[in-house]
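The values are calculated or read from the model by the stated rules, or taken from the named source; none is laboratory data. None of the values given here were measured: they were computed from a predicted structure. Because the Cβ atoms are built from the backbone with ideal geometry, glycine has one as well, and the counts that use them run over all protein chains shown.
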């Protein structure tokens, strides 16, 4: 449980990194999805899920752990809340894929796990939520997220490199 709390704190700390605004979208690029990928790749599916579920709970009770000091149910129920609500699933997916691919300490397979799980699972939930809450056509909701893909791929590469190094010292828990 200590590791879950530690990774929830890591994700909160990544929220302090100044977001990068995208001029044509109201949502900036943040570093917190890096924490989602790290939690799954280092802690494994179960503990990664629990770490991010704890983080989402902290957001829900109103702690200012998102960029700009945001938090609360209003954020989670808003148009982009589905992305945050999908973070535990993304961490689980990264950890599950890393186990199934027996990624070990190799950065390239870990990158694939981070990209498929950390980006794919989070985008699937986030886009579906955005579509339901905002009333945007599904295609527009999906197209709006394309601006985030390059940055998320960079975060996936960073998470894979860090996770490979950490996993050399500390194997993934069961």
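Whether any residue in the range 39-59 is surrounded by fewer than 23 Cβ atoms within 10 Å (Cβ to Cβ) and in contact with a strand residue (DSSP E or B) (Cβ under 9 Å, 6 or more places away or on another chain) is what I want to check.
So far as the range 39-59 goes, no, none of its residues is surrounded by fewer than 23 Cβ atoms within 10 Å (Cβ to Cβ) and in contact with a strand residue (DSSP E or B) (Cβ under 9 Å, 6 or more places away or on another chain).
Within the range 138-148, is there a residue that is within 20 Å of residue 59 (Cβ to Cβ) and part of a helix (DSSP H, G or I)?
Taking every residue of the range 138-148 in turn, at least one turns out to be within 20 Å of residue 59 (Cβ to Cβ) and part of a helix (DSSP H, G or I).
Restricting attention to the range 133-146, which residues are surrounded by fewer than 21 Cβ atoms within 10 Å (Cβ to Cβ), free of Cβ contacts under 8 Å to residues at least 40 places away in the same chain and in contact with a helix residue (DSSP H, G or I) (Cβ under 9 Å, 6 or more places away or on another chain)?
Scanning the range 133-146 gives 136, 137, 138, 140, 142, 145.
With (1) within 19 Å of residue 128 (Cβ to Cβ); (2) buried (at least 17 other Cβ atoms within 10 Å of the Cβ); (3) at pLDDT below 95 as the list, and residue 29 as the residue in question, which single condition is left unmet?
(1)
Exactly one of (1) more than 30 Å from residue 105 (Cα to Cα); (2) not in a helix (DSSP H, G or I) is unmet by residue 127. Its number?
(2)
Among the residues that make up the range 91-104, is at least one of them on the phi < 0 side of the Ramachandran plot and not in a helix (DSSP H, G or I)?
Yes, some residue in the range 91-104 is on the phi < 0 side of the Ramachandran plot and not in a helix (DSSP H, G or I).
Can you confirm whether residue 148 is at pLDDT 95 or above and closer than 22 Å to residue 14 by Cα?
In short, no.
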